[in-house]
Amino acid sequence: MSEKERMLSKKLYRAQGEELKTIRQKGQKLVRLFNDTTEEESTYRTELLTEIFDEVAGNIYMQPNLRIDYGKNITIGKNFYANFDCVLIDVATITIGDNVMFGPHVCLYTAGHPIDPTVRNSGLEFGKSIVIGNNVWIGGSSVVNPGVTIGDNVVIGSGSVVTKDIPANTIAVGNPCRVMREITHDDKVFWEAQQADYWAEVAIEKRMT
C-alpha cells in the first residue's frame, strides 16, 4: 500500500514521500497562481479552482488567499462561496455540498497526529474526513476539526470550533461548538417576509426612475 493509499484510508502514513510531495507541490503551485490573480481575472480564477479541486459541480467563487494541502481530495457542490483566507487541509477527503457559504478565515482541518509523543515525533500522522451538507453557512474564523459532519441547512456562528457532528436544521456556536437551537418554521416566515419587503421596495424604486 502506498503512502497516498494509507493516507486516504485514514491509516497512519508518512507525508514525506515523493508521491505525496509531487501532488502537494502541484496543488500548491496552482494555489499560488490563484492567490496572485486580480479581481479582473474572475474567469481565470474559476479555471484554476476547477483544476485545484477534484470536483466542482458549478458556480464557485472564492476570495484569495486560499491555502490547501493537496486540493485533489476536495469535492465541492454547486454555488459555493468562500470569503478571504480559507484554509482546507485535505489529507483526508473534504466534501462540501450545494449552496454553501464560508465567512472569512474559515478553516477545515482533516489532519491528525498521534497523542503519544514518541509516535508523533516519528513523523507518522493520519486524517479523518470532513463532510459539509447542503445550504450551510459557516461564520468567519470558524474551525472544523477532523472527522466532523455538518448537516444540511446548518448555521455555524463565527469563531466556533466544531469538534463534533452538528445535526441538520440547527444553529450552533461556541468553542467547543454546541447546538444553540433548531431552525424553525418561524424563521422561514420571518425571513421570507423580509425578502418580500426587499423586492417590494426595489419594485417601487424602479417605477420611480
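Can you figure out the FRET efficiency of residue 202 with residue 175, using R₀ = 30 Å and their beta-carbon distance, to the nearest 0.05? Could you put the intermediate results ahead of the total?
Details: r = 39 Å, r/R0 = 1.31.
E(calc), rounded to 0.05, equals 0.15.
Given charges of +1 on the Cβ of Lys and Arg and -1 on the Cβ of Asp and Glu, with all other atoms neutral, how large is the dipole of region 106-203 about its Cα centre, in debye to the nearest 20? Walk me through the numbers before you get to the answer.
Values: 6 positive and 10 negative charges, 99 e Å.
Computed charge dipole of region 106-203: roughly 480 debye.
What length, rounded to one decimal in nm, is gained on full extension from residue 101 through to residue 8, with 0.36 nm per residue of separation minus their alpha-carbon distance?
Values: separation 93, 0.36 × 93 = 33.48 nm, distance 2.59 nm.
Difference between extended and current length: 30.9 nm.
Which percentage, to the nearest 5, of the DSSP beta bridges contained in the chain is antiparallel?
Numbers: 8 of 41 bridges.
Of those bridges, close to 20 percent are antiparallel.
In the chain, with Lys and Arg counted as +1 and Asp and Glu as -1 at Cβ, which of these residues, 27, 56, 106, has the Cα nearest the positive end of the dipole, that is, farthest along it?
27
Can you give the charge dipole size of region 1-77 about its Cα centre, rounded to the nearest 20 debye, using +1 on the beta carbon of Lys and Arg and -1 on the beta carbon of Asp and Glu? Walk me through the intermediate numbers first.
Values: 13 positive and 13 negative charges, 116 e Å.
Approximately 560 debye in magnitude.
Starting from the alpha-carbon convex hull of the chain, give the projected area averaged over all orientations, in nm².
On the way: hull surface 56.5 nm².
Over every viewing direction, the Cα hull of the chain projects on average to 14.1 nm².
Cross-link partners among lysines for residue 188, C-alpha distance below 29 Å, same-chain residues fewer than 8 apart left out?
Reachable lysines: 78, 164, 206.
With n ≥ 4 as the cut-off for DSSP H runs, can you work out [θ] at 222 nm for the chain, using -39500 (n - 2.57) per run divided by the number of residues, rounded to the nearest 500?
-9500 deg cm²/dmol
Could you give the dipole magnitude of the chain about its Cα centre, charging the beta-carbon of Lys and Arg +1 and that of Asp and Glu -1, in debye to the nearest 20?
Details: 22 positive and 27 negative charges, 157 e Å.
With only Lys, Arg, Asp and Glu charged at Cβ, the dipole is about 760 debye.
From the gyration tensor of the Cα coordinates in region 27-86, what semi-axes in whole Å does the equivalent ellipsoid have, largest first, with each one equal to sqrt(5λ)?
Working: eigenvalues 46, 37, 21 Å².
Taking √(5λ) for each eigenvalue gives 15, 14, 10 Å, largest first.
Where a Cα-Cα gap under 14 Å defines reach, which aspartates and glutamates qualify for residue 72, not counting those fewer than 8 residues away within the same chain?
The reachable aspartates and glutamates, counting only those whose Cα sits under 14 Å from residue 72, are 5, 19, 51, 54, 55, 90.
Give me the extension gain from residue 57 to residue 209: residue separation times 0.36 nm, minus the current Cα-Cα distance, reported in nm with one decimal.
Details: separation 152, 0.36 × 152 = 54.72 nm, distance 3.89 nm.
Gain in length upon complete extension: 50.8 nm.
May I ask you to list, by number, the DSSP H helices of the chain whose Cα span along the axis is at least 27 Å and whose average Kyte-Doolittle hydropathy reaches -1.0 or more? Each step should come with its number before you reach the end.
Values: long enough: 185-208 (35 Å, -0.91).
Within the chain the helices that satisfy the rule are 185-208.
So, by mean Cβ neighbours within 10 angstrom, what's the order for 45-54, 185-194 with the highest one leading? Walk me through the intermediate numbers first.
Details: 45-54: 18.9, 185-194: 9.9.
Highest mean packing first, the order is 45-54, 185-194.
Please report how far the C-alpha centroid of region 79-124 lies from that of region 11-73, rounded to the nearest whole angstrom.
Taking the Cα centre of each part, region 79-124 and region 11-73 sit 13 Å apart.
Every number in this text was worked out from the coordinates using simple rules, so none of it is lab data. In this text the structure is predicted, and so the values were computed from the model without any measurement. Positions of Cβ are backbone-derived with ideal geometry, glycine not excepted, and every protein chain shown enters the neighbour counts.
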